[in-house]
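Every number here is computed from the coordinates shown, using simple stated rules; none is lab data. Note that the structure is a prediction, hence the values are computed from the model and not measured.
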Amino acid sequence: MRAQSIGDERVLPEDIEASFSDIVVPDEFTRQLGPAVNSGMSILIYGPAGNGKTTVAEKVAHIFDSVIYVPHAIEVNGTIIKVFDGSVHESVEVENPPVER
């Protein structure tokens, strides 16, 4: 998972505008969001409950074409740890899955 990155994918202003076209957000917000999204780094979204943090995070996530592959589970010292959570991850059918390095 560490070897995967969406850092090489560039998001255009039109992509952001299209993603947010069904909700009302200030133009300044989408202008500031572009450089943050294109930085390839984490974005901290904070504020009180009910101000749209989850909506913004979901819309940003859907802008990208890239997929990050998350294992269903890993084994550590004989213990199975479930990683994939169907409530936050989407299952993707892949013909040629990535090979472990």
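Here are the numbers for the structure shown:
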quantity	calculated
Principal semi-axes in Å for the range 13-63 [√(5λ), Cα gyration tensor, largest first]	16, 14, 10
Quarter of the Cα convex hull surface for the chain, i.e. its orientation-mean projected area (nm²)	8.9
For the chain, calculated [θ]222 nm from helices alone, where every DSSP H run of n ≥ 4 adds -39500 (n - 2.57)	-8500 deg cm²/dmol
Nearest 10 degrees, 0 to 90: helix 27-38 Cα axis against the chain principal axis	30
Helix 53-63 vs. the chain, principal-axis angle (Cα, 0 to 90°, nearest 10)	70
